[in-house]
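The values are calculated or read from the model by the stated rules, or taken from the named source; none is laboratory data. Predicted, not measured: the structure shown is a model, and the values here were computed from it. Neighbour counts are summed over all protein chains in view; Cβ atoms, including those assigned to glycine, are modelled from backbone coordinates with ideal geometry.
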Amino acid sequence: MQNDFQNIFMFNITVADVIGNVLVAMICGIFIALLYKYTYKGLNYSASFTISLIMLTMITAIVIMVIGNNLARAFGMVGAMSIIRFRTAVKDASDIMFIFFSLSIGLAAGVKLYSVAFLGTLLVGLVYLVVTKFSFTFPQNREFLMQITTRGDQISDNPFGDVMKRYCRRQKLVNVKTMGQEPDEMMEFSYYIKMKDEQKGNLLVSDIRRLAGVERVNLFFDEDEL
């Protein structure tokens with residue numbers, strides 16, 4: 001381990017080193033991405049974000065190899081990166097954690113600290129699996145707001161009951177309002193619901209959308225929408 005840390009200051013990169021560093025970063029990045037996919041508890045799972053974790057780990061390793069121990073390159077890279085503007089807000093704290101996870105493993109792989117990269121990935125991954133398994137970080141039975149917009153002349157009495165019973169542990173109608181005027185009058189139903197399985201939020205939305213007369217369905221939690 002001591003020799004690994006000394007190598008930071010003797011940074012001679014060969015083609016074999018580049019390939020090895022990127023491969024280590026890729027392997028660790030794939031593990032991080034699979035960990036994210038397996039432990040994700042929200043309703044807005046993004047496959048592109050999962051892929052980005054792999055690429056972020058590899059790109060970080062490449063950036064570190066480009067910089068090496070050259071201070072001028074480091075400042076130049078900071079200046080180049082400063083022009084990037086990120087438009088997508090990261091709302092989930094666990095997403096931010098996975099971004100830093102990928103960055104740190106990419107840094108280790110980029111300076112040939114393979115033992116740090118592999119052991120860090122395994123240890124952090126194991127701890128995260130344990131805390132999610134025992135639900136230390138994720139609240140249970142979260143409450144969602146569902147808004148359903150329908151055409152008033154095409155909707156029957158209590159049309160959503162059967163669908164909600166399949167997916168919801170509890171549902172409560174909290175508001176009904178009309179919009180527009182006849183014959184194109186629209187109605188909006190607002191429910192507070194608790195899901196039996198929060199991973200099936202998309203299925204609930206899809207099944208309600210298929211009902212006759214339903215125009216739009218929104219499912220909200222912490223400002224997220226399906």
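Details
- Close contacts from the range 121-133, counting a first residue that is of a type outside the set (Gly, Ala, Ser) and a second that is not in a helix (DSSP H, G or I), with Cβ to Cβ under 7 Å and a gap of 6+ residues or different chains, come to Val131/Thr137; Thr132/Phe138.
- Taking the criterion of being surrounded by 14 or more Cβ atoms within 10 Å (Cβ to Cβ) and free of Cβ contacts under 8 Å to residues at least 24 places away in the same chain, the residues of the range 98-119 that qualify are Ser104, Ala108.
- Residue within the range 72-92 that is assigned by TED's automatic domain parsing to the domain that holds Phe49, within 21 Å of Ala25 (Cβ to Cβ) and modelled with pLDDT of 65 or more present: no
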